[in-house]
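Below is one structure, written out as structure tokens; comments come after it.
The values are calculated or read from the model by the stated rules, or taken from the named source; none is laboratory data. These numbers come from a predicted model, not from an experiment. As a convention, Cβ positions derive from the backbone with ideal geometry for all residues, glycine included, and neighbour counts pool all protein chains shown. In case anyone asks, the SASA skips ligands and DNA or RNA and just uses the protein heavy atoms, side chains included. Shrake-Rupley method; radii C 1.70, N 1.55, O 1.52, S 1.80 Å.
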Amino acid sequence: MDKTSVQPTDGAFPEQLTTEPVPGRPRFLVLGLLAITDGRDTVVLTPSRPASLLAALLLHPGSVVSTGLLQRVVWGSSPPAGGKSALHTCVLRLRRLFAKYGVADHAIEAVPGGYRLHADADTLDLLHFRGLLARSYAEDDPEAALRLARAALGLWKEPLLGNVHSDELHRDQVPRLAEERLLAVERVFDGELRLGRQRELIAEAREAVQVHPGHEGLSALLIEALYRSGRRGEALAEYRRIHTYLAEELGVEPGPALRRLQLAVLRGDPSGGPLALPPAGTPPPDPGGAAATASGAIVLRSLVDAGLLQEGPADRYRVHDLLRLFATAAGTALAASAPHDPTNLSPSAVG
């Protein structure tokens with residue numbers, strides 16, 4: 001590899017979590033800037049048509065990529081006359097680039113209808129990432145599972161394919177890659193919670209939620225970390241934030257998992273471990289107790305969100321004058337059955 005045009009790599013992964021590149025088999029990098037590395041030095045490719053072609057092939061490792069898609073990747077909506085011939089010329093340029101950096105000449109295969117690039121976890125960081133994450137999910141030991149997930153997440157750099165100038169890839173493929181990365185982020189956060197490291201997780205989870213304000217999975221993990229750290233008010237505030245965001249930006253309500261998590265926080269479920277949320281579609285175990293408490297909590301939360309109640313310490317709520325006057329005037333059951341202190345209500349009282 002021509003070391004006059006390379007930049008040092010930024011560290012290796014622990015030997016037990018990764019396979020070092022096989023000598024003589026350079027590794028392609030797509031989880032960041034498009035590059036080629038031998039494990040010691042890294043060549044970041046300059047934006048070019050061969051670079052766009054390479055990125056398209058690497059994002060479909062081992063699969064046939066059609067000539068039509070490759071032409072759109074390289075030239076956009078206006079491919080040149082004789083597009084297949086021009087694409088073949090671009091492939092030849094890419095093979096010369098491979099020869100320069102010691103990549104096997106047969107890595108790109110011409111097949112009926114398109115081209116295919118052969119890669120594995122030793123030669124492509126995307127496949128290495130997927131392998132590490134799969135091992136994390138299969139691992140029974142929480143510490144080992146977390147290390148594998150963090151190793152997988154550590155393969156990602158920014159900006160993602162920033163040196164590949166292809167609208168086709170950045171519109172269709174880069175968002176899919178970003179979703180794969182978020183799976184690793186969720187896996188890491190879940191692993192930290194399983195190990196009881198909720199306090200250490202909060203700052204990292206807040207940062208992730210700021211970058212992805214509408215991602216329900218990340219928000220749920222932040223809510224759980226806050227609640228298990230004794231910060232119940234902040235946990236409920238995060239639920240209100242994502243509820244408002246989803247309603248205003250997307251016109252939807254939070255999903256069932258997030259709603260169940262909110263109810264668990266409102267009920268004050270034990271926070272020493274993962275919140276014991278029932279599976280979707282499972283009725284509450286005690287319709288006369290838990291369901292009534294949950295119903296009262298929902299009413300109270302709606303009134304707080306509407307500005308008619310103020311949440312106080314120890315699950316107490318102070319009634320605004322407007323609501324008290326309305327209840328008195330209407331002669332509702334709420335006014336008749338209020339606690340001795342009419343300015344304080346609890347979820348059980350409303351339930």
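Here are a few things to note about the model shown:
- Selection within the stretch 119-135: residues that are in a helix (DSSP H, G or I) and hydrophobic (A, V, I, L, M, F, W, C). The member of this set that is most open to solvent (accessible area, probe 1.4 Å) is A134.
Condition check ((1) out of contact with any strand residue (DSSP E or B) (no Cβ under 7 Å at 6 or more places or on another chain); (2) modelled with pLDDT of 95 or more; (3) not hydroxyl-bearing (S, T, Y)) across all residues:
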residue: R72; (1), (2), (3): yes, yes, yes
residue: S78; (1), (2), (3): yes, no, no
residue: Y101; (1), (2), (3): no, no, no
residue: H106; (1), (2), (3): yes, no, yes
residue: T123; (1), (2), (3): no, no, no
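- Cβ-Cβ distances below 7 Å connect the following pairs, each with a first residue in the stretch 226-255 that is touching a residue at least 60 places away in the same chain (Cβ under 8 Å) and among the aliphatic types (A, V, I, L, M), a second residue that is surrounded by 18 or more Cβ atoms within 10 Å (Cβ to Cβ) and assigned to a helix (DSSP H, G or I), and a separation of six or more residues or different chains: L236/V265.
- Any pair with Cβ under 8 angstrom, 6 or more apart, that starts in the stretch 201-222 at a residue that is without any contact (Cβ under 8 Å) to a residue 60 or more places away in the chain and surrounded by 15 or more Cβ atoms within 10 Å (Cβ to Cβ) and ends at one that is in a helix (DSSP H, G or I) and acidic (D, E): L201/E192; V209/E238; G217/E186; L218/E186; S219/E238; L221/E186; L221/D190; L222/E238
- Filter result for L127 (modelled with pLDDT of 95 or more and on the phi > 0 side of the Ramachandran plot): no
- Counting only helices (runs of 4 or more DSSP H) wholly contained in the stretch 142-240, the ones carrying 1 or more residues that are within 30 Å of L29 (Cβ to Cβ) and either touching a Ser or Thr at 6+ places or on another chain (Cβ under 8 Å) or of a type in the set (V, I, T) (or both) occupy 142-153, 167-172, 174-194, 198-211.
- Among (1) within 19 Å of L182 (Cα to Cα); (2) surrounded by fewer than 16 Cβ atoms within 10 Å (Cβ to Cβ); (3) of a type in the set (A, V, I, L, M, F, W, C), the one test that A145 misses: (2)
- Residues in the stretch 229-238 that are surrounded by fewer than 22 Cβ atoms within 10 Å (Cβ to Cβ) and either at negative phi or in contact with a helix residue (DSSP H, G or I) (Cβ under 6 Å, 6 or more places away or on another chain) (or both): S229, R231, R232, G233, E234, L236, A237.
- Test set (1) within 23 Å of R194 (Cα to Cα); (2) open to solvent by less than 60 Å² (accessible area, probe 1.4 Å); (3) not small (G, A, S) - I242 fails condition number: (1)
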